[in-house]
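The values are calculated or read from the model by the stated rules, or taken from the named source; none is laboratory data. Here the structure is a predicted model, which means the values were calculated and not measured. Note that each Cβ is placed from the backbone with ideal geometry, even for glycine, and that neighbours are counted across all protein chains shown. Surface areas here come from the heavy atoms of the whole protein model, side chains and all, with no ligands, DNA or RNA. Shrake-Rupley method; radii C 1.70, N 1.55, O 1.52, S 1.80 Å.
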Amino acid sequence: MGGWAIAVHGGAGVDPNLPKERQEEAKRLLTRCLDIGISALRSNLSAIDVVELVVRQLETDPLFNSGRGSALTENGTVEMEASIMDGPKRRCGAVSGLSTVKNPVSLARLVMDKSPHSYLAFLGAEEFAKKQGVELVDNEYFITEDNVGMLKLAKEANSILFDYRIPTIGTCGAGAAAMDSPLQMNGLPISVYAPETVGCVVVDKEGRCAAATSTGGLMNKMTGRIGDSPLIGSGTYACELCGVSCTGEGEAIIRSTLAREVAAVMEYKGLRLHEAVDFVIKNRLDEGKAGVIAVSKNGEVACGFNTTGMFRGCATEDGFMEVGVW
Amino acid sequence: MGWAIAIHGGAGDIPLSLPPEKRLPREAGLRRCLEVGIAALKARNHPLDVVELVVRELENHPNFNAGKGSVLTTTGTVEMEACIMDGKTMKCGAVSGVSTVVNAISLARLVMEKTSHIYLAFDGAEAFARDQGLETVEMSHFITPENIERLKQAQEADRVQIDYTQPIQKETPKDAAVADGDSQIGTVGCVAVDNEGNLATATSTGGLVNKMVGRIGDTPVIGAGTYANHLCAVSATGRGEAIIRGTVARDVAAVMEFKGISLKEAAAYVIDRVPPGTAGLIAVSSTGEIAMPFNTTGMFRACATEDGYSEIAIWDSTSK
């Protein structure tokens, strides 16, 4: 017991027909991020620094739905959100509606450290970003060809819903996959709506926990829509006992205040980390689909999900390391 | 058991020496809004309809920090937020950054009922309001002279206030009433339960005086300022940043469930754990209990139950 531990995720809810190459690519990215986090922990960086560092990596890589590679709004633009929380004093920072900030999680950190508030959004957040001198880019930077294609499919799926024939698209085979897989997230084909939010939770050698989550949100979302990722207690939570990051159907995670729930059952029911994660996944989601990664101050790490798959990786100081999709 | 309802008009450092011209209109406002809620419950309206109706009244009242009478951002604008939740279905709706919608709480309800989302903000929320044909006005409609003055004072003192400071009378020295400069009118809310145990909560606010443009507080964050499930319905008020960190509204229900204690005990427990002077809340349980604890100097509040009990108060009964 004790020692550092780290977990990362790239979204709960994976299309079972996802091509092997994509799965391998995802595992390589998760492994790379874990290695970066592990190095940082070995260099005695604090938990809060490590979660920010790792999530920045995930945002910068276009593979998952955060930073570059974010899902698109109904208007074809990107609106990103993120939150970060530091266990020891439960300090927190969150941002929503970002369209030019290269690393949303770092802006969330600045909100926590450099502003009198906990949560900034849209124009106000962008103004703050300018004043803080963080790296800004055009909205186009975040938009990938993959996602432009996905948006098109999403609009078609939305209008036709359960009875659809989607023409096969060359690049990712999403069309064929959509026909073969009846799996849904947010009520729509998983091949298009797979959440792929990213997150990281860490406990450092001193037993301090931290958590961070970042996302582009729901494909084809209404402009201005805020999901669970920036909401403290829903997508992200950290306290003296643990650090938690969630992913999946945003509305289900909000309704169940999922991240806070893990900590609450540990605190009030005395459950251990694994039991707490299992409990909330089994009992708090009802019809909702989501996944959770969590660490405890005792150096434990746990993942849980009721979806088909969750991109995840975890490692502990005693040498344990695992990266998985299913 | 019968129905029960509680409303609040904000917790904070409300000075005991609050002059009548400031106290009476707020007490009258609480009384009137309580009566609106009571009448709606007697007419067997669903608690979700009741809390929306009451909060609309509080938003329209210019002396509370919601809707008309909202405090101003650092640039002198109004950015309102609101949230509503149904305890039985756990459906919820929230909005932030609303500047032209007369009743933000009604917009929050529409987000809940007419979209597949829970939370819309800023331009997106405004566009949705227009789509839905909600009543919108010029932003100036919400701005009152009192709040222009509050902003001026806050900027002169260069701080962000939860609340209002007594407007400084040139003739009288800055007295104990504004000891630490902050006193609270922030946020309005209503919680209600009918005699079948259906619960609902609604909260609405203009936020913090002199807040940064784009600042979001606890009100629209489910589990922080607003929360309802099958056990209870909660609406919190105070220093948003502390309420978010403390997941106040959610914790009341969690503590009831996990510790098996009453609503009153759970509510007191949760308020005790946020820093002094930062929060208050109103809550009702599925069995008709009411709790209205606060760790600030005062909280504008009122409540009533079907058996005829009713109360309107600002400070602790012991502090008078």
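For Cα pairs less than 8 Å apart in space and 6+ apart in sequence, what is the mean separation divided by the residue count of chain A, i.e. the relative contact order in percent?
Reported relative contact order: 27 percent.
For chain A, the longest principal axis of the C-alpha atoms and the axis of helix A:145-160 are separated by about 70°. Taking every alpha-carbon pair under 8 Å whose residues sit at least 6 apart, chain B reaches a relative contact order of 26 percent. The mean sequence distance of close C-alpha pairs (under 8 Å, at least 6 residues apart), as a share of the length of segment A:16-139, puts its relative contact order at 17 percent. Charges were assigned to the Cβ only: +1 to each Lys and Arg, -1 to each Asp and Glu. The resulting dipole of chain A about its Cα centre is roughly 460 debye. Among beta bridges identified by DSSP and lying wholly in the protein assembly as shown, the antiparallel ones come to about 90 percent.
Stretching B:E265 away from B:E21 to a fully extended chain increases their span by 84.3 nm, per 0.36 nm per residue minus the current alpha-carbon distance. Candidates A:Y119, B:A154, A:A210 compared by Cα position along the dipole of the protein assembly as shown: farthest toward the positive end lies B:A154, with charges placed on Cβ. Comparing A:R312, A:R22, A:R56 in a Gaussian network model of chain A (Cα springs below 10 Å), the most mobile by mean-square fluctuation is A:R22.
The radius of gyration of the Cα set in chain A, together with its Dmax, comes out at 18.1, 55 angstrom.
Note on chain A: with a GNM built from Cα contacts shorter than 10 Å, the maximum mean-square fluctuation among A:G133, A:G76, A:G11 falls on A:G133.
For segment A:75-124, DSSP calls about 65 percent of its internal beta bridges antiparallel. Loop-located trypsin sites (Lys or Arg not before Pro) across segment A:80-110 with a Cβ neighbour count of 16 or fewer within 10 Å are A:K89, with loop assigned by DSSP. Among residues other than A:L123 with Cβ under 14 Å from its Cβ, the summed charge is -2 (Lys and Arg +1, Asp and Glu -1).
Loop-located trypsin sites (Lys or Arg not before Pro) in segment B:245-294 (DSSP state other than H, G, I, E, B) with a sparse environment of at most 14 neighbouring Cβ atoms within 10 Å: B:R273. For B:N295, the shell of other residues with beta-carbons less than 13 Å away shows a net charge of -1, using +1 for Lys and Arg and -1 for Asp and Glu.
For a quick check of your reading of the filter: which trypsin sites (Lys or Arg not before Pro) in segment B:35-141 sit in a DSSP loop and have no more than 14 other Cβ atoms within 10 Å?
Sites meeting the loop and neighbour criteria: B:R44.
Note on segment B:277-320 and segment A:108-134: Cα centroid distance 35 Å, given to the nearest whole angstrom. With the simple model of a label 7 Å out from the Cα in the direction of the Cβ, A:Q132 to A:M321 spans 3.1 nm. Taking Cβ atoms as reference points and 9 Å as the exclusive limit, the residues near B:D251 contribute a net charge of +3, counting Lys and Arg as +1 and Asp and Glu as -1. Surface composition of chain B: carbon plus sulfur atoms contribute 51% of the solvent-accessible area (1.4 Å probe, protein chains only, all chains present). Just so you know, the Rg over Rh for segment A:1-83 is 1.02, from Cα atoms, with Rh as the Kirkwood radius.
Counts of other chain beta carbons within 10 angstrom of each beta carbon in peptide A:87-94 average 2.
With a ≥ b ≥ c taken as the square roots of the eigenvalues of the C-alpha gyration tensor of the protein assembly as shown, please select rounded if a/c is under 1.5 and otherwise prolate if a/b is larger than b/c or oblate if it is not? Judged from the Cα gyration tensor, the protein assembly as shown comes out prolate (a/c at least 1.5, a/b above b/c). Take each residue in A:111-117, count the other chain C-beta atoms within 10 Å of its C-beta, and the mean is 4. Pull out a ≥ b ≥ c, the square roots of the eigenvalues of the alpha-carbon gyration tensor of chain B, then state rounded if a/c is under 1.5, prolate if not and a/b is larger than b/c, and oblate in the remaining case. It comes out oblate by the Cα gyration axes. Of the residues A:E127, B:E27, A:E145, A:E251, ranked by 1.4 Å probe accessible area with the largest first, the sequence reads A:E145, A:E127, B:E27, A:E251. Highest mean packing comes first when the peptides B:76-86, B:7-17, A:36-46 are listed by Cβ atoms within 10 Å, giving B:76-86, B:7-17, A:36-46.
Summing Cβ point charges (Lys, Arg +1; Asp, Glu -1) relative to the Cα centre of chain B gives a dipole of roughly 100 debye.
Multiplying the residue separation of A:R42 and A:L123 by 0.36 nm and removing their Cα-Cα distance gives an extension gain of 25.3 nm.
Ordering A:D278, A:D49 by accessible surface, largest first, gives A:D278, A:D49; the 1.4 Å probe counts only protein heavy atoms, with every chain in place.
Rounded to the nearest 500, the helix-only mean residue ellipticity at 222 nm of the protein assembly as shown stands at -10500 deg cm²/dmol, with each DSSP H run of n ≥ 4 adding -39,500 (n - 2.57).
Comparing A:I293, A:I226, A:I84 in a Gaussian network model of chain A (Cα springs below 10 Å), the most mobile by mean-square fluctuation is A:I226.
How large is the charge dipole for the protein assembly as shown, taken about the Cα centre, if only the Cβ atoms of Lys, Arg (+1) and Asp, Glu (-1) carry charge, to the nearest 20 debye?
Charge dipole of the protein assembly as shown: 480 debye, to the nearest 20.
Annotation: amide H of B:G277 within the under-5 Å range of B:N295, B:T296, sequence separation 5 or more or interchain, hydrogens built in the peptide plane.
For peptide B:231-244, the mean count of partner chain Cβ atoms within 10 Å of a residue's Cβ comes to 2.
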